[in-house]
Amino acid sequence: MKIPVEELAQRFGITGRLPEVAPSYNIAPAQEVLAVGGGAEERWLELLRWGLVPSWAKEPKPGPINARAETVAEKPTFRGPFRKRRALIPADGYYEWKKTNGRKQPYYFTVRGGEPFAFAGIWETWRGSEGVELRTCAIITTAPNELAAEIHDRMPVILEPESYDPWLDPESETEELLSRLAPYPAERMQAHPVSTHVNRPANDDERCVVPATV
């Protein structure tokens, strides 16, 4: 996420305290991601660890980074957060890898125009002994659109702005929520190959998103 946190706060209606976040070009599982939660009247913006740890887990081992739209309302790990703790995960792009000739070629996906967007997410709080508390999240995935299908068999759910309020509303019905977990229109997205520089989480700079020749 390269967008300044102040701009995100304006776009997503955040009125409370903002976390200090440096621009990032390469966020890996088990690292922290920005998440928007709360209802229509008051929203928060926090850093959550990417990889959902269920509240009932004995230890806070890194959990799943994704939840499938088809089963998110049913699986024990996800159904509680899906019902009560949904989030928007702001982003301005994401990576996916395509298997080609025995190797994985990374691609960078964005919404046309470079506008920031929001993934559909869920979050959870794990509490340990001596007051230890950990907040984690996962991103919901769905079937790919025509563009994403050329690279991978899944894609993250990108919510339309008009879905933000219903997604965060604790009173929204399950069927309404599930209906919003659809593939984002392919004609409103673009993708290009990037170098394997992005394969190392320690590499977090502009080279991660520079177009590469395949």
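Below is a table of values for the structure above.
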item: Pairs, first without any contact (Cβ under 8 Å) to a residue 60 or more places away in the chain in region 166-187, second among the hydrophobic types (A, V, I, L, M, F, W, C) and assigned to a helix (DSSP H, G or I), C-beta under 6 Å, six or more apart; result: 186/147
item: Some residue of region 127-135 being within 19 Å of residue 35 (Cβ to Cβ) and either of a type in the set (Val, Ile, Thr) or part of a loop (DSSP other than H, G, I, E, B) (or both); result: no
item: Residue check, residue 128 in contact (Cβ under 8 Å) with a residue 12 or more places away in the chain and surrounded by fewer than 19 Cβ atoms within 10 Å (Cβ to Cβ); result: yes
item: Subset of region 58-81 [in contact with a Phe, Trp or Tyr (Cβ under 6 Å, 6 or more places away or on another chain) and over 26 Å from residue 96 (Cα atoms)]; result: 60
item: Residue that is surrounded by the fewest Cβ atoms within 10 Å (Cβ to Cβ) [pool: residues in region 188-206 that are in a helix (DSSP H, G or I) and touching a residue at least 60 places away in the same chain (Cβ under 8 Å)]; result: 206
item: Residues within region 107-122 that are buried (at least 20 other Cβ atoms within 10 Å of the Cβ) and either over 11 Å from the mean Cα position of the chain (by Cα) or not aromatic (Phe, Trp, Tyr) (or both), tallied; result: 7
item: Any chance residue 169 is surrounded by 14 or more Cβ atoms within 10 Å (Cβ to Cβ) and in contact with a Ser or Thr (Cβ under 7 Å, 6 or more places away or on another chain); result: no
item: Candidates 43, 103, 85 - the one that is of a type in the set (Lys, Arg) and at pLDDT 95 or above; result: 85
item: Index of the failed condition, residue 184 passing every other in (1) of a type outside the set (A, V, I, L, M); (2) closer than 26 Å to residue 44 by Cα; (3) loosely packed, with under 13 Cβ neighbours inside 10 Å; result: (3)
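The values are calculated or read from the model by the stated rules, or taken from the named source; none is laboratory data. Since the structure is predicted, the reported quantities are computational estimates derived from the model, not experimental observations. Quick reminder, even Gly has a Cβ in these numbers, built from the backbone with ideal geometry, and neighbours come from all protein chains shown.
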